[in-house]
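S.K.: Structure in structure tokens, see below.
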Amino acid sequence: MKVFIDTNVLFSASLYPSSIVAAAYFKAVFPPNRGYISDYVIEELNRACKRKFPEKMGALAEFLSESLPELVV
């Protein structure tokens, strides 16, 4: 199944890796499913994190570096 991942899901999954949202995210991006994301979502995610949680930018960068290979941009 093709699943489009929005900013809110990425934001929650990256900041709260033990959450229900993170579990849903991982289920959505691994086979048999395929996760899709747009460049705009990545930009929006970075802006929102920088504005709301600037101290978490490192964790977000790490999450994205691990997650992006699993997603189709």
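The values are calculated or read from the model by the stated rules, or taken from the named source; none is laboratory data. This one's a predicted model, so the numbers in the text were calculated from it and none came from an experiment. Every residue, glycine as well, gets a Cβ built from its backbone with ideal geometry; the counts of neighbours run over all protein chains shown. For accessibility, only protein heavy atoms count, side chains too; no ligands or nucleic acids. Shrake-Rupley method; radii C 1.70, N 1.55, O 1.52, S 1.80 Å.
S.K.: Computed on alpha carbon atoms, what radius of gyration and Dmax characterise the chain, expressed in Å?
M.R.: Every Cα atom of the chain included, Rg and Dmax give 11.4, 35 Å.
S.K.: Could you work out which residue, out of Phe11, Phe30, Phe63, moves most in a Gaussian network model of the chain, that is, has the largest mean-square fluctuation with Cα springs under 10 Å?
M.R.: Phe30
S.K.: If you place +1 on the Cβ of every Lys and Arg and -1 on the Cβ of every Asp and Glu, how big does the dipole about the Cα centre of the chain come out, in debye to the nearest 20? Mind dumping the intermediate values first?
M.R.: Numbers: 8 positive and 8 negative charges, 34 e Å.
Charge dipole, the chain, about its Cα centre: 160 debye, nearest 20.
S.K.: Okay, moving on. Heavy atoms only, probe 1.4 Å: what % of the accessible area of the range 15-73 goes to carbon and sulfur, would you let me know? Let's see the in-between values first.
M.R.: Details: 2330 of 3830 Å².
On the range 15-73, the fraction of accessible area on carbon and sulfur atoms equals 61 percent.
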